[in-house]
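What follows is a short report on a single structure.
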Amino acid sequence: DAGITQSPRHKVTETGTPVTLRCHQTENHRYMYWYRQDPGHGLRLIHYSYGVKDTDKGEVSDGYSVSRSKTEDFLLTLESATSSQTSVYFCAISESGQGETQYFGPGTRLLVL
Amino acid sequence: DQQVKQNSPSLSVQEGRISILNCDYTNSMFDYFLWYKKYPAEGPTFLISISSIKDKNEDGRFTVFLNKSAKHLSLHIVPSQPGDSAVYFCAAGGSGGSNYKLTFGKGTLLTVNP
């Protein structure tokens with residue numbers, strides 16, 4: 001199994017509060033991704049990173065920001081959490097990007113009240 | 001615009017029989033395809049992949065078939081086992097310049113009955 005951890009694994013927060021989720025990898029892979037999984041939608045890409053300090057938006061990036069100051073860590077921040085951001089969040093990594101398999105972390109279940 | 005479609009939300013098969021999960025795509029720029037399996041409360045696990053230059057890839061009980069002209073791929077599991085019960089996601093990558101992004105289908109819940 002790829003060495004990917006996510007923290008926290010579960011979180012309950014209130015509308016309007018900022019939330020930061022952390023993804024940590026021990027594989028030294030260049031690419032990292034944040035997805036959300038919702039019923040009826042499958043997995044949707046929020047943001048991704050193709051190197052330290054290099055990030056870009058995915059298909060559902062509104063309300064989210066990311067940062068990557070080290071190869072091993074990719075942070076996802078909900079600037080002001082809303083109930084629509086209640087979801088399960090998955091981090092993924094891949095070695096080189098093109099044609100490469102992405103490996104997923106265990107997920108963070110977030111509930112915004 | 002859903003570029004990767006899994007039209008069957010669920011599938012139920014008997015242990016020992018074949019499971020066939022289907023996936024359709026619309027973007028002809030996709031050049032590799034993957035299947036992931038997901039158990040409840042866990043992250044998706046990579047199962048098998050296929051490049052667009054091939055029409056079949058096999059790994060043990062799992063075989064993926066690709067029909068590029070029909071923009072269709074399928075995952076065959078033979079024989080099916082109760083431990084195969086999970087949600088299966090089809091994913092596609094290689095669409096033009098963003099060729100490291102994956103686009104996922106909505107998933108199919110497979111139930112294998114003992």
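Residues considered: A:R44, A:R30, A:R36. Of these, the only one that is within 14 Å of another protein chain (Cβ to nearest Cβ) and either open to solvent by 70 Å² or more (accessible area, probe 1.4 Å) or over 23 Å from B:A91 (Cβ atoms) (or both) is A:R30.
With B:S51, B:S8 as the choices, which residue is closer than 28 Å to A:G58 by Cα, at the interface with chain A (Cβ under 10 Å from one of its Cβ atoms) and not aromatic (F, W, Y)? Show your work before the answer.
On the way: B:S8 fails: at the interface with chain A (Cβ under 10 Å from one of its Cβ atoms).
It is B:S51.
If I filter region A:47-66 down to residues being away from every other protein chain (no Cβ under 14 Å) and touching a Phe, Trp or Tyr at 6+ places or on another chain (Cβ under 9 Å), which single residue comes out as farthest from B:V4 (Cα to Cα)? Out of the qualifying residues, it is A:V66.
Considered as a group, the residues in region A:86-105 that are over 11 Å from the mean Cα position of the chain (by Cα) and surrounded by fewer than 21 Cβ atoms within 10 Å (Cβ to Cβ) include one that is nearest to B:K38 (Cα to Cα), and that residue is A:T101.
Does region B:81-92 contain at least one residue that is closer than 17 Å to B:G105 by Cβ, more than 14 Å from chain A (Cβ to nearest Cβ) and of a type in the set (V, I, T)? Checking region B:81-92: not a single residue is closer than 17 Å to B:G105 by Cβ, more than 14 Å from chain A (Cβ to nearest Cβ) and of a type in the set (V, I, T). Quickly run through region A:58-85 and pick out the residues that are acidic (D, E) and open to solvent by 20 Å² or more (accessible area, probe 1.4 Å). Selection gives A:E59, A:D62, A:E72, A:E79. Take residues that are within 14 Å of chain B (Cβ to nearest Cβ) and out of contact with any Lys or Arg (no Cβ under 7 Å at 6 or more places or on another chain) and tell me which of the strands (runs of 3 or more DSSP E) falling wholly in region A:67-113 contain 2 or more. In region A:67-113, the matching strands (runs of 3 or more DSSP E) lie at A:87-94. Looking only at residues of region B:1-54 that are in contact (Cβ under 8 Å) with a residue 40 or more places away in the chain, part of a strand (DSSP E or B) and among the β-branched types (V, I, T), we find that the one that is least open to solvent (accessible area, probe 1.4 Å) is B:V4. Among the candidates A:S96, A:S61, the residue that is polar (S, T, N, Q) and free of Cβ contacts under 8 Å to residues at least 40 places away in the same chain is uniquely A:S61.
From the list A:T55, A:T20, A:T15, the one residue that fits, being open to solvent by 30 Å² or more (accessible area, probe 1.4 Å) and not in a strand (DSSP E or B), is A:T15.
The values are calculated or read from the model by the stated rules, or taken from the named source; none is laboratory data. It should be emphasised that the depicted structure is a prediction, and the values quoted were computed from it without experimental measurement. Don't worry about glycine lacking a Cβ; one is built from the backbone with ideal geometry, like all the others, and counts go over all protein chains shown. Areas reflect the complete protein model, heavy atoms only, side chains present, ligands, DNA and RNA absent. Shrake-Rupley method; radii C 1.70, N 1.55, O 1.52, S 1.80 Å.
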